[in-house]
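To keep things clear, I will list the structure first and then write my remarks on it.
The values are calculated or read from the model by the stated rules, or taken from the named source; none is laboratory data. Predicted, not measured: the structure shown is a model, and the values here were computed from it. Positions of Cβ are backbone-derived with ideal geometry, glycine not excepted, and every protein chain shown enters the neighbour counts. All accessible areas refer to the heavy atoms of the entire protein, side chains included, with ligands and DNA or RNA removed. Shrake-Rupley method; radii C 1.70, N 1.55, O 1.52, S 1.80 Å.
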Amino acid sequence: MTRRAPPPAPPRRRLTVVDWLLFALVAAALGYVVWRVNAVLVYNWEWHRVLRFVVRVDAETGQWVANLLLQGLFTTIRLAFWGTILAAIIGLIMGYWRTCNSLALRIISRTYVELIRNIPPLIFIFIFYFFIASQVFPALGLNNINTSSPWVDNAFFRFAFGDPRLFSNFLSGLICLALFEAAYITEIVRAGIQSVKKGQWEAGRAIGLSRFNLLRDIIFPQAIRKILPPLAGQFITLIKDSAIISLISVQELTFLATEVAASTTKVFETWILVGAMYFALCYFFAFVFARLEVRAGRSTNR
Amino acid sequence: MTETSERPLVEISGLCKWYGEFSALYDINMNVARGEKVVICGPSGSGKSTLIRCINQLEEHQQGTLLVDGKEVRPGMKGIEQIRRDVGMVFQSFNLFPHMTVLDNLVLGPVRNLGMSRTKARELAMGYLEKVRIAEQAGKYPPQLSGGQQQRVAIARALCMQPKIMLFDEPTSALDPEMIAGVLDVMEALARDGMTMIVVTHEMGFARRVADRVVFMDEGEIVEVATPEEFFTAPKTDRAAQFLSQLLAH
């Protein structure tokens, strides 16, 4: 043997008999469910009746257009997109306030977090919707926006916010969702800021940085890198939690799926399809965030 | 004009600080003239670091007056950033910004605080990196450097703000023995250039070569002030003598 010889190959990880047995058990359990549905429940699968609600042929133009379920998915994506941005902004500000020296700011942010974390989301949404959205929005004139104004009646607005006629409804759902998720993001941001070593604050102060520059150049960039994994998890939770908004009649995926399930009576097909849509959406974002983490990790692990 | 330039750069009188009930600094009176090099030594917990951290208000004092370049430094004051820009500080644990390259660590201060253009700040920064003999590492990230290299970068970063005085808080205590000489060399070169320096250190060789005065502290008070020659050969107080014998014992 010489020093130059290549190292021995690592042992290959292979599936053992026990692993296969485990797979078989899981498959058997799934098979049992399918058998129950088919043989015992005597369920009549009619996928085409539900799939019609994904896309349909427009009678006038003869073109394929999005039907209820796909429209709902788009609304959910819009909610997820704007909700993520809004929740990130609120969470960043509140999370920073949680770490401030000012007692007033700490009290405000702490109260906000505790209030939302200790009320069931459903209750919060009802309170918010019935007391705030029905009072504040009319006062701001958001309840009856002029749908024919050029600010609203254009391609970008439709793409970004959906049907202008449903905008106030969409907006109340969006704010609700963002306020709710931002409470959790607040705590993640606070933990991130507190994880930056004291010496970093001191070094920044010692060279005479203003508080704003200190946060922007030193603290936040380091905090964000550390909190990226829990933050990604919270954004995916936001997408899933957006289903609750259906209860205040925001016409997103779950709301429209309820209507489709009721009108077709095809409950299994509808919810399995909708579940698959949510899965695809969340899994896609999980994949994107995992990529971002790898990139952020590269610059710190050098 | 002559009046201001003859005035001490740092004037401390009657300075007191408490941590809760614990008296960390008590009745500190000390002036540091322009161009003077002061070494502060003393046992751990004697308040050396706390004292120099009061000068740029990383710690707030509760009593007494503190003037830097004739301007009073008060706890919680507005515009403390202005004073900090004139006071460079080097920490025991370097505290470089790990998410920025070495060059960006240096450029940040002048760009953000002095409104310098990025190109000009880079030139300035490269000049100081050459001075601390580390210019070839400009594009690396701090965690890639050795402790000694990091500390020299930290010195260059403080110098980039073109401060009037440099504070060193045990700059070699966290370093491996073979790294210490490089950092001390840089500090000695800085001293020869006429920089005003206050150095908290136990490096007695450095103190002998560089210091104009040695300040010995114990239990939050200044116990003895002497020239290095006097202090190391014939300390006046028992406490200083005891400290020196412990330092030389090993």
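Using Cβ point charges alone (K and R +1, D and E -1), the dipole size of region A:1-111 about the Cα centre works out to roughly 800 debye.
Keeping the other protein chains in place, figure out the carbon and sulfur percent of the accessible area of the protein assembly as shown, with a 1.4 Å probe. Roughly 60 percent, rounded to a whole number.
Here, P(r) means the percent of Cα pairs in each 10 Å bin from 0 to the largest distance; for region A:100-223 it is 11, 27, 25, 23, 13, 2. Size estimate for region B:1-146 follows the Kirkwood approach: the inverse of mean 1/r over distinct Cα pairs works out to 17.6 Å. Rounded to the nearest 100, the interface formed by chains B and A buries 1900 square angstrom of accessible surface, both chains summed, with a 1.4 Å probe.
Which Cα, out of A:Leu140, A:Ala206, A:Thr254, lies furthest along the positive dipole direction of region A:68-301 (beta carbon charges, K/R +1, D/E -1)? After comparing all options, I get A:Ala206.
Connecting C-alpha atoms closer than 10 Å in a GNM of chain A, tell me which of A:Phe53, A:Phe131, A:Phe220 has the biggest fluctuation. Fluctuation is largest for A:Phe131.
Applying both filters, DSSP loop and at most 11 other Cβ atoms within 10 Å, to the GluC sites (Glu not before Pro) of region B:1-106 gives B:Glu21. With R₀ fixed at 60 Å, the C-beta to C-beta distance from B:Ala181 to A:Arg13 puts the FRET efficiency at about 0.75. For region B:121-200, the per residue solvent-accessible surface stands at 37 Å², with DNA, RNA and ligands left out and a 1.4 Å probe.
In the protein assembly as shown, helical runs assigned H by DSSP with n ≥ 4 each contribute -39500 (n - 2.57); averaged across all residues and rounded to the nearest 500, the mean residue ellipticity at 222 nm is -17000 deg cm²/dmol. Restricting the trypsin sites (Lys or Arg not before Pro) of region B:1-104 to loop positions (DSSP other than H, G, I, E, B) with no more than 11 neighbouring Cβ atoms within 10 Å leaves B:Lys78. Residues considered: A:Gly83, A:Gly204, A:Gly275. Largest GNM mean-square fluctuation over chain A, using C-alpha springs under 10 Å, is found at A:Gly204.
Accessible surface calculations at 1.4 Å, restricted to protein heavy atoms, place chain A at 60 Å² per residue.
Within the same chain, aspartates and glutamates fewer than 8 places from B:Lys236 are excluded, and of the rest, those with a Cα less than 16 Å from its Cα are B:Asp218, B:Glu221, B:Glu224.
Ignoring lysines fewer than eight residues from B:Lys164 along the same chain, the ones with Cα atoms less than 19 angstrom from its Cα are B:Lys37, B:Lys71, B:Lys131. In region B:87-129, burial by the other protein chains removes 20 Å² or more of accessible area from B:Phe91, B:Asn95, B:Phe97, B:Pro98, B:His99, B:Leu108, B:Arg112, B:Asn113, compared with the chain on its own (1.4 Å probe, ligands and nucleic acids ignored). Rounded to the nearest Hz, the phi-derived 3J(HN,Hα) couplings of region B:80-97 under the Karplus curve 6.51 cos²θ - 1.76 cosθ + 1.60 (θ = phi - 60°) are 4, 4, 4, 5, 4, 5, 8, 10, x, 9, 10, 9, 4, 9, 6, 6, 6, 7, where x marks glycine and proline.
Applied to region B:47-56, the Karplus parametrisation 6.51 cos²θ - 1.76 cosθ + 1.60 on θ = phi - 60° returns per-residue 3J(HN,Hα) values of x, 4, 5, 4, 4, 6, 6, 6, 4, 9 Hz, with x for Gly and Pro. Between A:Phe128, A:Phe170, A:Phe235, the GNM of chain A built on Cα springs shorter than 10 angstrom shows A:Phe128 fluctuating the most.
The amide H of B:Met89, built 1.01 Å from its N in the peptide plane, has B:Leu167 as neighbours under 5 Å, considering only residues 5 or more places off or on other chains.
Close amide-amide hydrogen proximity is noted between B:Val199 and B:Val38, B:Val39, B:Ile40, B:Phe168, each under 5 Å apart and 5 or more residues distant or on a separate chain (H modeled in the peptide plane; Pro and chain starts excluded). Calculated translational diffusion coefficient of region B:144-238 (20 °C, 1.002 mPa s; Stokes-Einstein with Kirkwood radius over alpha-carbon pairs) equals 149 µm²/s.
Residue-wise HN-Hα couplings along region A:51-65, as the Karplus relation 6.51 cos²θ - 1.76 cosθ + 1.60 with θ = phi - 60° gives them from phi, are 4, 4, 8, 7, 10, 9, 8, 5, 5, 7, 8, x, 9, 6, 10 Hz; Gly and Pro carry x.
With 10 Å bins beginning at zero, the pair-distance distribution over Cα atoms of chain B amounts to 7, 30, 36, 22, 5, 0 %.
Let me check against my output: what whole-number percent is the relative contact order of chain B, with C-alpha pairs under 8 Å and at least 6 apart?
The value is 25 percent.
Taking every C-alpha pair closer than 8 Å and separated by at least 6 residues, the mean separation divided by the residue count of chain A gives a relative contact order of 25 percent. Sorted on the mean count of surrounding Cβ atoms within 10 Å across their residues, most packed first, peptides A:55-61, B:235-241 read B:235-241, A:55-61. For region A:68-301, the tally of Lys pairs with Cα-Cα distances below 28 Å comes to 4, considering only residues 8 or more apart or on different chains. Each principal axis of the Cα atoms in the protein assembly as shown has its own extent, and those three values, largest first, are 103, 80, 49 angstrom. Evaluated with a Cβ-only charge set (Lys, Arg +1; Asp, Glu -1), region B:102-196 carries a dipole of roughly 520 debye about its Cα centre, given to the nearest 20.
Take the Cβ-Cβ distance between A:Ile85 and A:Trp47 as r, set R0 to 35 Å, and report the resulting FRET efficiency rounded to the nearest 0.05.
The computed FRET efficiency comes out at 0.45.
Evaluate the charge dipole of the protein assembly as shown about its Cα centre and quote only its size in Debye, nearest 20, assuming +1 on the Cβ of each Lys and Arg and -1 on the Cβ of each Asp and Glu.
Charge dipole, the protein assembly as shown, about its Cα centre: 1680 debye, nearest 20.
Using C-alpha pairs under 8 Å with a sequence gap of at least 6, the mean separation divided by the residue count of region B:1-105 gives a relative contact order of 27 percent.
Where the centroid of each part is defined by its Cα atoms, how far is region A:1-71 from region B:6-35 in Å? What the calculation gives is 73 Å, centre to centre.
Here is what passes the span test in chain A: the DSSP H helices with alpha carbon length of 20 Å or more along the helix axis and a Kyte-Doolittle mean of 0.0 or above are A:17-35, A:68-98, A:103-117, A:167-195, A:220-241, A:267-300. In region A:178-211, burial by the other protein chains removes 10 Å² or more of 1.4 Å probe accessible surface, compared with the chain on its own, from A:Gly199, A:Gln200, A:Glu202, A:Ala203, A:Arg205, A:Ala206, A:Ile207, A:Gly208, A:Leu209, A:Ser210.
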